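**Q** Before I ask anything, let me first share the structure, which is written out below as structure tokens.
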Amino acid sequence: MAEAETAPRPATPYDRIGGKAAIAQMVERFYDLMADDPAYADLRALHAPDLTPMRGSLTDFLMAWMGGPRDWFEQRPGACMMSAHKSVAVTRETAEQWVSAMRRAAEDTLDDPAFVDAMVDAFSQMSMGMVRNAS
């Protein structure tokens, strides 16, 4: 029993990739791609002209989602990504653009290919769920 008590706790995804700094860097790269690459024009059109608030919100969401500080959820009781996007007309194309931009951003900023693949798989499922739920 004593051995189990002293075994190190597995790192959260948040810890595994380097915490807030790594997530913020990935999110910055994501929004830079979305703003500058014409391949993501439809996705960009769904967002407000000023991406600054979204950069902070996505960083906070991903930190909580990956096991870090839960500020995003505490500031939005009962909210989730699906409810946050319920009024956005997410199409299959824009969902695919989101996943593509996130994959590129993650590959450009995180040095953990296995983690990137697992994270992008989860993002893909989440974004396709938004298509089914789009109004």
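All of the numbers you see were taken from the coordinates with simple rules; none came from a lab. Owing to the predicted nature of the structure, the values given are computational and were not obtained by experimental measurement. For neighbour counting, all protein chains shown are included, and Cβ atoms are generated from backbone atoms with ideal geometry for every residue, glycine included.
**Q** What order do you get for 21-29, 63-71, 109-117 when each peptide is scored by the mean count of other beta carbon atoms within 10 Å, highest first?
**A** Numbers: 21-29: 18.9, 63-71: 16.3, 109-117: 14.3.
Top of the packing list down: 21-29, 63-71, 109-117.
**Q** A further question on this structure: Through the Karplus equation 6.51 cos²θ - 1.76 cosθ + 1.60, θ set to phi - 60°, convert the phi angles of the stretch 105-111 into ³J(HN,Hα) values in whole Hz; use x for Gly and Pro.
**A** Here the 3J(HN,Hα) series is 4, 5, 5, 6, 10, 10, 9 Hz.
**Q** Let me ask you something else. Given a Förster distance of 22 Å, report the FRET efficiency between Met54 and Cys80 from their Cβ-Cβ distance, rounded to the nearest 0.05.
**A** 0.85
**Q** Here's a follow-up. Helix 52-65 versus the longest principal axis of the chain: what is the Cα-based angle in degrees, 0 to 90, to the nearest 10?
**A** So the helix axis and the longest Cα principal axis differ by about 40 degrees.
**Q** For the chain, state the semi-axes of the equivalent ellipsoid (square roots of 5 times the eigenvalues of the alpha-carbon gyration tensor), sorted largest first and rounded to whole angstrom.
**A** Values: eigenvalues 156, 59, 41 Å².
That gives 28, 17, 14 Å for the three semi-axes.
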